[in-house]
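Just below is one structure, and these are the notes that go with it.
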Amino acid sequence: MTMQTPYYQYDMALLHETLDIAKTQASRYGYTIHYAVKANANPNLLKNIASEGFGADCVSGNEIKVALDNGFNSQGIVFAGVGKTDGEIEYAIEQNIHCIHCESVQEFHVIELIAQKLNKKVRVALRINPNVDAHTHKSITTGLKENKFGMSVSEAHSILIEENRYKNIELIGLHFHIGSQIQNMEVFKNLALEVNRIQDELHSHCLPYLNLGGGLGIDYLNPTVNRLANFSDYFGTIHKWLEPGKGQSIHFELGRSLVGQCGQLYTRVLYTKTSQKRSFAVVDAGMNALIRPALYGAYHRIENISKIDQPVNQTYDVVGPICETTDSFGEEVLLPATERGDLLVIQSCGAYAESMASDYNLRERPHCVFIPNYELEKT
Ligand SMILES: *Cc1c(COP(=O)(O)O)cnc(C)c1O
């Protein structure tokens, strides 16, 4: 039977292996991990991640709802985002989630007013923009002064000194998130040192909560060799350099590193053609199924699994069917001689592929296949 392409294939055994290692490494230091739902909100993945006891990091009211619907405990949910609507804040308060990560002074006042109206006390942590360079792609750097995320240390200070004025907010601590796809542990060391400095300045060691966000990267170049992110170095680096307050609980929000390698996008070659300069393989998946190359110039490894035994000695621009020049998965990709009908696999599509999919050009979104056959086992 030939499977209808394109489709995402999720390796649930690898997902669980990844989750187990992340959990084991985090628990060495008593750390808590919240899965960043925006990386992939596929219900089947969410159910499996929730069943392993992870919390959830949500960036919209709908993500909170989907997390709750798929088994996450409301007490394990945190909620960030620069543009939370009043409705989303109200919903988060009503669901009694662990805390809201507040990103501006104005938002803080809005949260207080909404909590007052609901006659509830809501836990809030302040998201601080620590001005640490993630040394990653500029579109996925979030912790620099010029980024829109979070508030400055002095703004956080202005809130903290008036803490007693806010009757409907329990200020539990600080939150940081500096960017994504970070593989250089120096960056996390710098984050830990900067957090120490900011905690000193704000005297926040006495607060019970500290969240260092996510951003741990995966190996897009060699996904089959390095299937697992370096959780041991990551948590080890933070543990080595961070000086938390006594009894402060340390939280992380990992997305890509938990799900990135367990997903692949399968797509079939529709046509090949050669212009004066280049050969093209036109495939049946488009940027609507995987937008990272078009959006960030991101690299994904591509293989032709119909010609697995053939010498890899040709180059193709692997492009989609969508009417945009950026609808490309890679330029001059090394492949075996490739023909119409060949099945290509695009690696490392577990994170920010399905969750960023659209129906642009009114194309169908790819369907999902789970191996081993979890869908049948679990539903
Ligand atoms: C996107 C995001 C994350 C997860 O980032 P990854 O790079 O996928 O680990 C964590 N926290 C916040 C606030 C985010 O916006």
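The values are calculated or read from the model by the stated rules, or taken from the named source; none is laboratory data. Note that this is a predicted model, so its numbers are computed, not measured. As a convention, Cβ positions derive from the backbone with ideal geometry for all residues, glycine included, and neighbour counts pool all protein chains shown. These accessible areas exclude ligands, DNA and RNA; they are computed on the full protein's heavy atoms, side chains included. Shrake-Rupley method; radii C 1.70, N 1.55, O 1.52, S 1.80 Å.
Extension gain for the segment Glu324 to Val312, taken as residue separation times 0.36 nm less the Cα-Cα distance, is 1.5 nm to one decimal. Of the beta bridges in the chain, as assigned by DSSP with both residues counted there, near 35 percent are antiparallel. The trypsin sites (Lys or Arg not before Pro) found in region 18-50 that occupy coil by DSSP, while having at most 13 further C-beta atoms within 10 Å, are Arg28.
A straight line joining the Cα centroids of region 58-79 and region 282-299 runs 28 Å. Sparsely packed loop sites in region 116-202 (the trypsin sites (Lys or Arg not before Pro) outside DSSP H, G, I, E and B with at most 15 other Cβ atoms within 10 Å) comprise Lys120, Lys121, Lys145, Lys148, Lys167. For Arg278 and Tyr296, the difference between the fully extended length at 0.36 nm per residue and the C-alpha to C-alpha distance is 4.2 nm. Sorting Ser27, Ser152 by solvent-accessible area of protein heavy atoms yields Ser27, Ser152, largest first, with a 1.4 Å probe.
For the chain, the solvent-accessible area of protein heavy atoms averages 45 Å² per residue (probe radius 1.4 Å; ligands and nucleic acids excluded).
Helix 231-241 versus the longest principal axis of the chain: what angle, 0 to 90°, nearest 10, using Cα atoms? Approximately 30 degrees, to the nearest ten. Protein heavy-atom surface of the chain, 1.4 angstrom probe: 49% of the accessible area is carbon and sulfur, with nucleic acids and ligands not counted. Loop sites here are GluC sites (Glu not before Pro) outside DSSP states H, G, I, E and B with no more than 11 other Cβ atoms within 10 Å. The longest part of the chain free of them is 163-363. Quick check on my link table: of Lys23/Lys121; Lys65/Lys121; Lys84/Lys240; Lys65/Lys117; Lys47/Lys167; Lys84/Lys120, which ones sit more than 27 Å apart, alpha carbon to alpha carbon? Result: Lys23/Lys121; Lys84/Lys240; Lys47/Lys167 exceed 27 Å. Of all lysines in the structure, the ones whose alpha carbon falls short of 23 Å from that of Lys273, not counting any fewer than 8 places away in one chain, are Lys307. Solvent-accessible surface (1.4 Å probe) assigned to Leu228 amounts to roughly 60 Å².
Under a model in which nothing but the beta-carbon of Lys, Arg (+1) and Asp, Glu (-1) is charged, the chain shows a dipole of about 120 debye around its Cα centre.
From the Cα gyration tensor of region 11-260, with a ≥ b ≥ c the square roots of its eigenvalues, which class applies: rounded if a/c is under 1.5, or else prolate if a/b is larger than b/c, or else oblate? It comes out oblate by the Cα gyration axes. Here the sum of -39500 (n - 2.57) over DSSP H runs of 4 or more residues, divided by the residues of the chain, equals -8500 deg cm²/dmol at 222 nm, to the nearest 500.
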